[in-house]
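Reading through the structure tokens given below for one structure.
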Amino acid sequence: MLGTIQWMTRQQWLLRALGPVFGDFHPLLPRHRDDPHATWRRLRESNPVYRSKIFGAWICTRYDDVLHVLRDKNFTTDRSEVPAMRLFQRYARRDPTFAALIERNLLMIDGAEHRRLRSLVSKAFTPRRVEELRPQLESIVDELFDRVAETDEIEIVRDLAHPLPVIAICELLGIPSEDRDLFGSWSKQLSQLLDPLQGRGGVAPLRRAAHGIFDYFRPLLADRREHPGDDLLSAMLAAEENGERLTEYDLLSLSSLLLVAGHETTSNLIGSAVISLLRHPAERKRLQDDMGLLGTAIDEFLRFESPIQLTDRCAIEDCEIGGKTILKGQMVVAVLQAANRDPEQFPDPDHFDIGRTENQQLAFGQGNHFCLGSQLAKLETEIAIGALLRRFPDFSGATDPPAWRRSMIIRGPEAVPLRLI
């Protein structure tokens, strides 16, 4: 069934014909991918808590409403009672490995179990451990730029934004360098976890990736138990709280999630950041003249073109948002990107300002499910953008990418070709 739906989302003639069924929210057409901000602005101004019948969900586009959904305990990431998820889980449980990938990752569980798992992972995935990666990441970025320096050209996504996060996660987990290409392939297949509609082939790519990565990690985990190292896998194995430790399936699912979420978020953030600098030459020069602004610039990159456009929650009990009644069991979509350009929260929200200090952007979410890898994504982007500006200050390129990712959830350019001199 998923394969059929994926095929339908690629048929633009069909999607255009179904326009009246989609109503005011039709995020699968090219015009939305090219400029999603127009869609979010229209909804935020005319119908900020919009009921989409075809998606079976409420769409929230105001900052305060999005923040409420992300923080309020009445909204859960446990989607097990949603009809589509129940059908999917029945299929997945025929394959325990695939079921573990879907059901045991932090994006799908909530409550006490989520707190337990996140607490254990947080003991291993500390800010100190991430910051210790800085010298390695700086060396990796320099190496990636060295490969293209003599050609005077670079394609940012292929040559930098795509490989860097995979290498970073492999370094963090203690994966041998010769196996990085395997992880890049698995990450591409696992990206359907974040947006099932963007893929091809139904659930088959997810199943292949689940089996591939689980089969790879099982002997590696056994080795780390016997010979612990200074890496995240060893730290997760050692993490303990109230006498409990992470199970093997927990470790396998968490490692898979770190790979795909860390890769997708950072890759798209870096690609979009370069596009933003090309589109705003005055702000680019301002950053080149004062690299101390990199910290606020990264928050502005995240606000201006959020790599994850939206997330969803399920209502535990009947409630009200913006004067609309949300019934128990209904899905609510919190549009992070719409919130990040809400003029009630951000003065002049469509103005790109690398020095914006009042910037409580929601690109990494909020509440209990705030992105675990946010610091790593920011560190990689800081190093990548800083090195690009220092090494190739005169780079140039088109202000519009050849195409944006074909997804209503993931936002990033397919490619960003640059001339380096």
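Throughout, read-outs are computed from the coordinates displayed, never taken from laboratory work. Since this is a predicted model, take the numbers as computed values, not measurements. Positions of Cβ are generated from backbone atoms using ideal geometry, with glycine treated the same way; all protein chains shown enter the neighbour counts.
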* Spatial separation of Cα centroids for region 1-39 and region 86-146, in angstrom -> 30 Å
* Structure fact -> The rounded separation in angstrom of the Cα centers of region 257-287 and region 395-410 is 11 Å
* Whichever aspartates and glutamates have a C-alpha closer than 17 Å to that of residue 285, once near sequence neighbours (fewer than 8 apart) are set aside -> 300, 353, 382, 394
* Asked: Of 53/123; 73/378; 188/328, which sit over 31 Å apart, Cα to Cα?
  -> 53/123; 188/328
* Structure fact -> Checking 329, 23, 365 against a Gaussian network model of the chain (alpha-carbon springs below 10 Å), the top fluctuating residue turns out to be 23
* GNM top mover of 67, 190, 101 - the chain, alpha-carbon springs below 10 Å -> 67
* To do: Mind ranking 71-81, 378-388 by how tightly packed they are, going by the mean number of other C-beta atoms within 10 angstrom, highest first?
  => 378-388, 71-81
* To do: Would you tally the net charge around residue 266, using a Cβ to Cβ cut-off of less than 12 Å, leaving residue 266 out, and scoring K and R as +1, D and E as -1?
  => -2
* Structure fact -> Summing -39500 (n - 2.57) over every DSSP H run of at least 4 residues in the chain and dividing by its residue count gives a helix-only mean residue ellipticity at 222 nm, to the nearest 500 deg cm²/dmol, of -16000 deg cm²/dmol
* Choice from 137, 277, 327 with maximal GNM fluctuation in the chain (Cα, 10 Å cutoff) -> 327
* Structure fact -> Hull surface over four for the Cα convex hull of region 2-419, reported in nm², is 20.1 nm²
* Go through 359, 76, 4 and say which Cα lies farthest out towards the positive end of the charge dipole of the chain; charges sit on Cβ, +1 for Lys and Arg, -1 for Asp and Glu. => 4
